[in-house]
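Below you'll find the structure, written out as structure tokens, and then a few comments.
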Amino acid sequence: MTPAALRPATLAIAVFLVGPVAAGLIGTALPALGYLPAAGAREMSLTPVSMLMETPGLSRSVLLSLGSGLAATALSLLLVFLLLAGWMNSPVFRVLRRLLAPLLSVPHAAAALGLALVIAPSGLLVRLAAPFSPALDRPPDWLILQDPFALSLTLGLVIKEVPFLLLMALAALHQVDALPRVRLSESLGYGRIAAFTYAVAPQLYWQIRLPVLAVLAFSTSVVDMALILGPGLPATLSVRVAGWMGDPDLLIRMKGAAAALLQLGVSGFAVLVWIAGERLTSNLVRYMATGGCRLSSDRTVRALSLVWIYILVALAVASLSVLALWSVAGTWHYPDVLPRRWTVQSWLLAGSDLTRSVSTTLVLGLSVSLVAAVVVVAMLQEGVRARGQPVLRHGGAWMSALVFLPLLVPQVAFLFGLQVLFLQAGLDGSWWAVALSHLVFVLPYVILSLAGPWAALDPRYRLLALSLGASEAKVFWRIRLPLMLPALATAVALGLAVSVSQYLPTLLVGGGRVVTVTTEAVALASGGSRPLIAVHALAQIVLPFAGFAAAALLPRLLVPRLYSGTFS
Amino acid sequence: MSPLRPSSGLALQSLRLRLNGRVLVSLDAQVAQGTVLTVMGMSGSGKSSLLAALAGFVAAPFQVEGRIILAGRDVTDQPPQLRRMGLMFQHSLLFPHLSVGENLLFALPPGGSRHDRRERITMALTEAGLDGFFTRHPQTLSGGQQSRVALIRVLLSAPQALLLDEPFSSLDASTRDTMRCLVFEAARTAGLPVVLVTHDPQDAAAAGGQIVSLDP
């Protein structure tokens, strides 16, 4: 057996994924312990830590991060499982499934901006209710948005995470024989939700555990969504960390580094709480399953779960529509439900700046995802040549954990260190540094989306071609690549979408000098005019959307026979 | 288990299974307790859809016409969990996240103390010659043992009929004969009407009941 780690492409993956995370963590830990040569601090000390401890409202920030992260993850997972349990094979589900891709491709920041315009006191929901209550003739002073308990943040996270977890669960569903198991259990007298919970959910959960933990790590440390939807005084921990890290005062940056380590601990603690919850739930499910608890009438629960999903979908659709409306709104006073005057003024006003940030975003995203695709293909092909099968396949626990590493470690915890390292190398604020930091987050998704299709191609095609006298290179270019083109196009589009949605890496590593639609939209969120915010958020949504559309179209043009159904 | 009663058995009254309006299966049959109705057909002939219809899993674009009467109850419009039709598939489908004993506990109708329930499973395992298998993991069992556990599981759920979907086809030749005997014997003892779909003529011969062919 060839030692996997010695093969160059696999090594490259390790370097690109583990390298930056590890280096970043070290780069964060040193300033947290008082070592930051750029600031003239060369001696280890606990000053940054004690500065952090004296920060007012710190424990509340920690609790807000923990609470919203855990609640959002648990709620999202619960909704996904209830939806699958109750409606897996229904026509309703097929419709919802079609909404999955478009909802997934909406960047977090854009979704948050749209949601804010819907649920704010002067937002769409209150405007819709205004005609029915005289008390609402002016916007009420309710703290719905940025509420002190981070409920609106939790809601925003759930809207974004449900589609993601649903996609992951759908991919794993085939591997656990879901339908026959549910049918068998139903014929034994179990209600639909009980049948799914006892017979499918335990194994399905283990299949999607890593993505679930990634969602947890993300939700407890999210910055862009929390800036827009989360509470202000105090903000969630991650928002405060990001603020300190960008501070011109280097001492405060060192305190930020200490806070970033605290964030790592908070997300780690959330994972521990989650694992305890896993144990508890699994024992409970086993207890109920072996006790024969049938729960055979579950109509109400099933209906309720669907109602919740409908509410989420409605909120998501409303968010997108409101963004579209605001971007062309001339006059739109409270409590009008629609703008009174329409104009393209905001688009023209954003004009040249928008063109510049869109092109920066596009060039950055496309370069990064193309590079990622090449690296991943090289890695998968090493496996194909060595063993006839790609190296990485679903289920290889160790390798998957490695691939997920950048998604399992909170971004703020290692991005600061990366920023410090780039600073030392004189690369800070450069396009290259930003591209490299994006690559860290794009690679995992490109690997995940290519590994399946690569493994699914019948290995006998290659053997047949080789025995016909074709070289490995010819097999790759003439057989593998054309057949994989649709998957490759989707992977690149996904990479683009991931890159577009990156806020923190662009901001921290770019140091404000690399401006994408995302950093622009989030910057405008506090205090910018609503039409201008909407224009940028829409630009943010259009880019990934166009990417996926192109990915669906291009292979049809390049390899039309793959789609014609007849190989003539 | 249930004694013989005049209104017992499984009656399929002008049963028609349509796919997008086209008739896929058309069947009129009376399956007495302890006897087997064998439905033969190539793959794609609709025989698995027929079993799904009997068990209650048919959804659009399939439609069911006619009546399904089980032990005197009209179950045609009942949800699967109320029909009491026991299912066995080609694969044993023992849940890999539960032990052998837990798989059986899962099938046992609710009621009784946890201790009594365990006791019943242990006894059932002993009767089947699988003494001490309670805590074993399904994957550590041989194919034949897995099939036997699957059979115990379905019987413990106290069904009023058995629906078998090619249950012997994944077994090797010697195990297959043993399992055929075990299953049909168990159905006779428990007085269960059985519907067996298969493409293997030997299954039909061993079943020794009415045979319906779905092939044109």
Filter the stretch A:86-121 for residues that are within 30 Å of residue A:533 (Cα to Cα) and β-branched (Val, Ile, Thr); the one that is farthest from the other protein chains (Cβ to nearest Cβ) is A:119
The number of residues in the stretch A:174-191 that are touching a residue at least 12 places away in the same chain (Cβ under 8 Å), part of a helix (DSSP H, G or I), in contact with a helix residue (DSSP H, G or I) (Cβ under 6 Å, 6 or more places away or on another chain) and within 8 Å of another protein chain (Cβ to nearest Cβ) is 2
Residue hits (the stretch B:50-60; assigned to a helix (DSSP H, G or I) and either within 11 Å of another protein chain (Cβ to nearest Cβ) or surrounded by fewer than 19 Cβ atoms within 10 Å (Cβ to Cβ) (or both)) are B:51, B:52, B:54, B:55
- Query: Would the stretch A:262-274 turn up any residue that is hydroxyl-bearing (Ser, Thr, Tyr) and away from every other protein chain (no Cβ under 14 Å)?
  - Reply: yes
Checked A:242, A:214 against criteria (in contact (Cβ under 8 Å) with a residue 60 or more places away in the chain, of a type in the set (A, V, I, L, M), surrounded by fewer than 24 Cβ atoms within 10 Å (Cβ to Cβ) and more than 14 Å from chain B (Cβ to nearest Cβ)); the one match is A:214
Residue set B:33, B:90; condition polar (S, T, N, Q) and at pLDDT 90 or above; output residue B:33
Taking the stretch B:30-45 and the residues there that are surrounded by fewer than 20 Cβ atoms within 10 Å (Cβ to Cβ) and closer than 17 Å to residue B:166 by Cα, the one that is nearest to the other protein chains (Cβ to nearest Cβ) would be B:43
In the set B:11, B:71, B:29, B:52, the lone residue that is out of contact with any helix residue (DSSP H, G or I) (no Cβ under 6 Å at 6 or more places or on another chain) and free of Cβ contacts under 8 Å to residues at least 12 places away in the same chain is B:52
Residue pairs qualifying under the 9 Å Cβ cut-off, at least six apart or on distinct chains, with the first in the stretch B:92-120 being within 13 Å of residue A:287 (Cα to Cα) and within 7 Å of chain A (Cβ to nearest Cβ) and the second being part of a loop (DSSP other than H, G, I, E, B) and charged (D, E, K, R), are B:110/A:294
message: When you scan the stretch B:65-81, do you find a residue that is within 11 Å of another protein chain (Cβ to nearest Cβ), buried (at least 17 other Cβ atoms within 10 Å of the Cβ) and not small (Gly, Ala, Ser), even just one?
response: yes
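Let's see how each residue does on (1) loosely packed, with under 14 Cβ neighbours inside 10 Å; (2) within 14 Å of chain B (Cβ to nearest Cβ); (3) under 29 Å from residue A:187 (Cβ atoms):
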| position | (1), (2), (3) |
| --- | --- |
| A:246 | no, no, no |
| A:251 | no, no, no |
| A:260 | no, no, no |
| A:277 | yes, no, no |
| A:285 | no, yes, yes |
| A:294 | no, yes, yes |
| A:303 | yes, no, yes |
Condition set buried (at least 22 other Cβ atoms within 10 Å of the Cβ), of a type in the set (A, V, I, L, M, F, W, C) and farther than 16 Å from residue A:418 by Cβ, scope the stretch A:499-518, selection modelled with the highest pLDDT: answer is A:500
- prompt: Would you call residue B:126 within 14 Å of chain A (Cβ to nearest Cβ), over 27 Å from residue A:204 (Cα atoms) and not in a loop (DSSP other than H, G, I, E, B)?
  reply: no
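The values are calculated or read from the model by the stated rules, or taken from the named source; none is laboratory data. Since the model is a prediction, treat every value here as computed from it, not as a measurement. Reconstructed Cβ throughout: ideal geometry from the backbone, glycine too, with neighbour counts over all protein chains shown.
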